[in-house]
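Taking it in order: structure first as C-alpha cells, then the write-up.
Please treat every number below as a calculation from the coordinates, not as lab data. From a predicted model like this one, the values you see are computed outputs, not experimental measurements. As a convention, Cβ positions derive from the backbone with ideal geometry for all residues, glycine included, and neighbour counts pool all protein chains shown.
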Amino acid sequence: MDIKSLPLNELTEYIVDKGFPAFRAKQLYTWLHKKLIRDVEEMTNIPKNMRKMLSEDIVTLTLAKKLESAIDGTKKYVFMLSDGNVIESVFMSYKHGYSVCISSQAGCRMGCRFCASTLLGLSRNLTVSEMLDQIYYIERDTGMRISNVVVMGTGEPLDNYDNLCTFIKMLSDENGLNISQRNITVSSCGLVPEIRRLADEHFTITFALSLHAATDEKRRELMPIAKRYSLSEVLDACMYYFNETGRRITFEYSLVAGENDSVSDAKELIKLLKNYPCHVNLIPVNPIKERQYKRSDKNSVRRFKELLETNGINATVRRSMGKDIDAACGQLRKAHIDSSKGGTKDSTKGGSSDGSKDDSLDSSSDRLKDSTKDGSKDSLK
C-alpha cells in the first residue's frame, strides 16, 4: 500500500483496519505531508510495531541527478521511480517566492512537435505520492518554503485525471503543506472532456491551455491532439471553465521562428481571443536537437507581444530560466535516459531516442480514447 497517496480520511480507514487507533492516522499524515519525513524511523511518536508495519508502505523518490544553473540558481532534479522510470522537476526562485515545476507522467503521449517530453513516448501515469514527493524532496533539499507549484513538467496532467485531482486536494490540505490552490497551475494541451470535468471540481487553481497556434490548420501541425479537438471545442471548454470557476484562463503560446511568430499569426491570435477573459504567456521555444524548430528572436517576440497588448490582450513573455542546464521540459530526463541506455531503445518507455514514437501519434491522436482510463502507452492506439 502506498500510504502517501491516501487522503487523510482514507489513511484513517487503512490504519483502523490494521488495528491501530484512528488518531494515529493524523499523526502519520503530519509526518508524511507536513514534516516531510522519508524514513519511518523519524516518526518519534509512532509505536515501533506500527513503524515496522509501515516500513514497506512509504514510497519515496530517489535522486538520480541534480544540476544547478550558474546563471539564475535554477535547480533541475532527475528522480528515479521504484520501477526504474525516470522523471524530472525544476526549482525556480522568483521575487514573489519559490516555485516548483513537477511532472505528472513518466513520459508523454501527446506528441507536441517542439517538446522533448514526448520523444520517448509514455510509460505510465505517476501516482499521487510520486507527484507530491517531487515537491517534498525539493523543499527538504533547498530548505525553502515552496509557495507555488506548476504541473507543467513531463506529461499531460489531464491524462492522469484522478491522481491529479487527489494531488491538488492533498497539496492544499491544511493538514499538509497547505499550499493555496490559487498558487497551483495546471497546464494542458487541451483534452476537452477533462477540461470540463476539471471545471466541475470547482478548484480555485489556475488553468493554463497550451495553445501555440491561432488556427486549426497550424495547431494540427504543431500538436497532434488538435486533430481530435478543434480550437472551437477547446475554447468552448475553456469558457465553461471560466464560467464555472471565475478563474481567468492562461493561454501558453510557444513562439517558434518562422512557424507561428509572424505579424499575421499575431493578428489571428488577436481575432481568436478578442474579448476573451484571459492572459497570454508567450514562451520563446527551447530548441531540441531532434526537431528543426528554432527560438524566435527578441525583435519578433517583442513585436508579437506589443501587437497583442495594443489590441487589449494581456500578455507577458516567460522568463527563460536554467538555460545552461537543459531546464526545459523533458530535456534533462531524455539526456539521462540516453546516457544510461547508451542512446538505445529504453525498454521501459514507449519509444526510441530518435523520436519515432512521437511520429506515430499523428494518425492515432484522432482516435483518442478516454484518456483517464489507464494512462498506458497503448491507450492511443
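General remarks:
- Sequentially through segment 223-230, phi angles give Karplus couplings (6.51, -1.76, 1.60; θ = phi - 60°) of 9, x, 4, 5, 6, 8, 10, 6 Hz, Gly and Pro residues having no value and appearing as x.
- The largest-to-smallest principal axis extents of the Cα set in segment 3-54 are 23, 22, 15 Å.
- Residues whose amide H comes within less than 5 Å of that of residue 65, counting only those at least five positions distant or on another chain, are 78 (H built at 1.01 Å from N in the peptide plane).
- Over segment 39-150 - Rg/Rh using Cα atoms and the Kirkwood inverse-distance radius: 1.03
- Karplus-derived 3J(HN,Hα), 6.51/-1.76/1.60, for each residue of segment 298-312, Hz, glycine and proline x: 4, 5, 5, 5, 5, 4, 4, 5, 5, 5, 5, 5, 4, 9, x
- With the highest mean first, a sort of the peptides 61-68, 109-116, 213-220 on other beta-carbon atoms found within 10 angstrom per residue produces 109-116, 213-220, 61-68.
- For segment 47-97, fraction of C-alpha pairs farther apart than 13 Å, in %: 68 percent
- Around the amide H of residue 98, modelled in the peptide plane, lie the amide H atoms of 147, 148, all under 5 Å away and 5 or more residues distant in sequence or on another chain.
- Peptides 135-142, 93-100 ordered by average Cβ neighbours within 10 Å, highest first: 135-142, 93-100
- Segment 204-274 versus segment 122-136: alpha-carbon centroid distance in Å: 27 Å
- Theoretical gain in end-to-end length, residue 35 to residue 16 [0.36 nm per residue, Cα-Cα removed]: 4.6 nm
- Here each label is just a point 7 Å from Cα along the line to Cβ, and for residue 268 and residue 201 those points are 3.2 nm apart.
- Taking label positions 7 Å along the Cα-Cβ direction at both residue 314 and residue 140, the computed distance is 3.8 nm, reported to one decimal.
- Sequence-distant residues sharing a close amide H with residue 88 (under 5 Å, placed H): 79, 103, 154
- Separation of segment 150-181 from segment 78-97 is 14 Å, based on Cα centroids.
- Normalised by 2.2 N^0.38 Å, with N the number of residues, the alpha-carbon radius of gyration of segment 179-286 equals 1.04.
- Environment charge at residue 148 (Cβ cut-off 13 Å; Lys +1, Arg +1, Asp -1, Glu -1): +2
- Stretchable slack from residue 2 to residue 221, in nm (0.36 nm times residue separation minus alpha-carbon distance): 74.8 nm
- For segment 10-27, 3J(HN,Hα) per residue [Karplus equation, 6.51 cos²θ - 1.76 cosθ + 1.60, θ = phi - 60°, Hz, x = Gly/Pro]: 6, 5, 4, 4, 5, 5, 5, 4, 7, x, 9, x, 4, 5, 5, 5, 5, 4
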